[in-house]
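Trainee: One structure coming up, written as structure tokens, with questions to follow.
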Amino acid sequence: MKAIAICGSPRVEGNTELLLQVCLERLTAAGVDTELVRLAEKEVLPCKGCGTCGKRLDRKCSTDSDDFHEVFEKMLEADIIILGSPVYFGSATPQMMALLDRAGYVSRKNGNLFSRKLGGPVVVARRAGQNFTYAQLLYWFMINDMIVTGSSYWNIAFGAARGEVSEDREGLETVARFADNLAWLASKVCSNAAPQVEPEAK
Ligand SMILES: Cc1cc2nc3c(=O)[nH]c(=O)nc-3n(C[C@H](O)[C@H](O)[C@H](O)COP(=O)(O)O)c2cc1C
């Protein structure tokens, strides 16, 4: 069982990354292999809408001059995909959407390569826009035939300056519970998966 968390923030070690690390720590504790992918350290260009992926059907995007395929391969290998983004003007970041447009299109043209992978979104903002961005990312999971787990709240948190989200206790608890639910579900759907995580009393 492998989980990746993709951080769509251009800010390394920022609030999104902190939330994703909480998720990955919980999954690691449950016996899942984990990896953080920072889009801040990758170049992923936007989809050109050329349609070549639908003609070649070789699980590849026609743009091969950037880091897309490296990240896409990690997504294909993973059983669990967590997408984290800060809110930028009420939306997920362009870095995240560039990846999701291309990954989603190549996947769908090649027979839904993300089918039945587990995962979900994690979102942070200074003040507003979390719900919209959470929904925006949720749409991507749902159209890609994936399985999303819930939590004790939506996976949203508050924070502006780097690290400030660590003061949002409810946000941290929500994403921790989300990760525990992913580990629990993984243990149910895969006999080789992580052991069951004990439910928390709420
Ligand atoms: C270009 C830009 C746009 C932003 N737009 C919003 C916004 O619409 N709503 C909001 O509450 N915060 C907004 N923020 C604040 C970030 O969401 C917030 O600082 C977040 O914690 C950044 O996460 P990071 O540390 O992972 O980069 C914006 C920040 C930037 C740089």
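The values are calculated or read from the model by the stated rules, or taken from the named source; none is laboratory data. Just so we're clear, the structure is a prediction, and the values are computed from it rather than from any experiment. Here the Cβ is made from the backbone with ideal geometry for all residues, glycine too, and neighbour counts use every protein chain on show. We work out accessible area using only protein heavy atoms, side chains counted, and drop any ligands, DNA or RNA first. Shrake-Rupley method; radii C 1.70, N 1.55, O 1.52, S 1.80 Å.
Trainee: For residues that are on the phi > 0 side of the Ramachandran plot and either touching a Leu at 6+ places or on another chain (Cβ under 9 Å) or open to solvent by 60 Å² or more (accessible area, probe 1.4 Å) (or both), tally how many sit in the range 50-74.
Mentor: Residues that pass the stated criteria total 2.
Trainee: Now a separate question. So how many residues does the range 85-95 have that are at negative phi and either open to solvent by 60 Å² or more (accessible area, probe 1.4 Å) or in a helix (DSSP H, G or I) (or both)?
Mentor: Qualifying residue count, the range 85-95: 3.
Trainee: Cβ-Cβ distance below 6 Å, separation of 6 or more or different chains: which pairs start in the range 1-17 with a residue that is of a type in the set (Val, Ile, Thr) and end on one that is assigned to a loop (DSSP other than H, G, I, E, B) and more than 8 Å from the ligand (Cβ to nearest atom)?
Mentor: 4/78
Trainee: For residues that are surrounded by 19 or more Cβ atoms within 10 Å (Cβ to Cβ) and either of a type in the set (Gly, Ala, Ser) or without any contact (Cβ under 8 Å) to a residue 40 or more places away in the chain (or both), tally how many sit in the range 106-116.
Mentor: The total comes to 2.
Trainee: Would you mind finding the one in 103, 98, 135, 128 that is outside any strand (DSSP E or B), free of Cβ contacts under 8 Å to residues at least 40 places away in the same chain and surrounded by fewer than 23 Cβ atoms within 10 Å (Cβ to Cβ)?
Mentor: Answer to the check: 135.
Trainee: Also, quick follow-up: If I ask for residues that are closer than 9 Å to residue 183 by Cα and either among the basic types (Lys, Arg) or open to solvent by 30 Å² or more (accessible area, probe 1.4 Å) (or both), which ones from the range 18-27 would you list?
Mentor: Answer for the range 18-27, where residues must be closer than 9 Å to residue 183 by Cα and either among the basic types (Lys, Arg) or open to solvent by 30 Å² or more (accessible area, probe 1.4 Å) (or both): just 26.
Trainee: Additional query: Output the number of the condition that residue 162 fails; it satisfies all remaining conditions of (1) within 16 Å of the ligand (Cβ to nearest atom); (2) part of a helix (DSSP H, G or I).
Mentor: If we test residue 162 against (1) within 16 Å of the ligand (Cβ to nearest atom); (2) part of a helix (DSSP H, G or I), just (2) comes out false.
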